[in-house]
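Beneath this line is the structure, given in C-alpha cells, with notes to follow.
Just so it is clear, none of the values below were taken in a lab; they were calculated from the coordinates. This one's a predicted model, so the numbers in the text were calculated from it and none came from an experiment. We place every Cβ from the backbone using ideal geometry, glycine too, and count neighbours over all the protein chains shown.
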Amino acid sequence: MRYQTLLLLLAMGFTLTRAEIPKMRGYTLTWGDDFLGSAGSLPDPKNWIVDIGTQYPNGPPQWGNGEVQHYTDNSENLKLVGDGNLQITPLKNATNAWTSARIESQRTDFQARSGGRMRISARIKLPDVQGDQALGYWPAFWTLGDAYRGNYQNWPAVGEVDVMENINGADGAWGALHCGVHPGGPCKEPNGLAKFNQCPGTSCRGNFHVYSIDIDRSYRPETITWSVDEQVYHHLTEKNLGVAAWAKIFHHGHFILLNVAIGGYFPNGHHGSPTPLESTVPGKSMLVDYVAVYNSV
Ligand SMILES: *[C@@H]1O[C@H](CO)[C@@H](O)[C@H](O)[C@H]1NC(C)=O
C-alpha cells in the first residue's frame, strides 16, 4: 500500500470516531475541550473540576435531586479514552454502591454579551441502554449560573440550562430551563420549561449527536433555542419568563457540567417509583467527543 493511501485511511478512521471542534461562521471559539490525551487519564484539570462524593461542601445531599451514586475520579468511572473522547461510566461496586462521574468547567463566565450571541455545544453519544436495564440512568450536559459555585443553596434562582438530559434510556433527550423559585415561579418548578425531542436520523442512544443551545441578545426579545444536529426543537424568549427572571439567568456567566447520574427525582418521577432497580445494568458509558463555547464576533 502506498504511504499516502495508508495515511488517508488512518485519517478516515480517525474522523469516524472523533470530530474536530467545528468552526462557526461569525463566531469565535471562546473555550472548548476536544478531550485529546492519553488513554486512561483524567480530563485536563486546567479545564475541569472533578466532583467527588454525594454533595458539595455545605451543598444539599445527593446533589440536590435524589441521585444515589457516589461520584469518583477513578478511571473506571471517568477517563479520556485516548482517541479524543471522554468516557463517563456508571458502575456498581463490590458492596453494591453505584459509582459514576461528574465534571464541571473551571470557567464560570460563559455568556452572550449585551448585543451578542453565544452557542454552547457538545458532541455526545448517550449510553446504549434501554428498557428495564436503563432504569435510573440520567446522563446530562448542562449549565448553572456562576453564583451557584461556592454557594450551592441558591438554585434555581441562578438559572440552570439543560442542553441535554436523558432518563431511563428514553429514545430522545430533553432540553429545559430552570429558574426563579421552587416550587412554581416563572420556570414552573420543579419541571422547568422543558421539551422532549427524538434525535434526527439515528437514536440518541449509542450514536453521536451534537446538542446545542443558542442564546441571542442581539435583538429584543432575547431568546434561547435548543437544537440537536442543527434542528431546533425548543425555543423561549425573555417574555416567557419576564425580563427580570431572564436577566438573572442570561445576563450572568455560566459554567458547564457533564455527568451520568443514577437515580433521582427525574428518572423516578417518569418511572413512577424509585430507581435504579436490580434490572439496571452497570457499565453503559456516555462518550463526549468535544465541548465548545462560541461567541459572536
Ligand atoms: C463502593 O463505593 C462506596 C461509595 O464510594 C464506598 O464507600 C465503598 O467502600 C465501595 N466498596 C468497595 C468494595 O469498593
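Worth pointing out:
- Test result for ASP289, under 19 Å from ALA176 (Cα atoms) and either touching a residue at least 40 places away in the same chain (Cβ under 8 Å) or not polar (S, T, N, Q) (or both): no
- Failed item in (1) aliphatic (A, V, I, L, M); (2) crowded, with 20+ Cβ neighbours inside 10 Å; (3) closer than 23 Å to ILE88 by Cβ, with VAL281 passing the rest: (2)
- Residue among GLY201, GLY169 that is among the small types (Gly, Ala, Ser), assigned to a loop (DSSP other than H, G, I, E, B) and crowded, with 22+ Cβ neighbours inside 10 Å: GLY169
- In summary, strands (runs of 3 or more DSSP E) completely within region 47-155 and bearing 2 or more residues that are more than 16 Å from the ligand (Cβ to nearest atom) and crowded, with 16+ Cβ neighbours inside 10 Å occur at 78-80, 86-88, 102-105, 117-125, 137-145.
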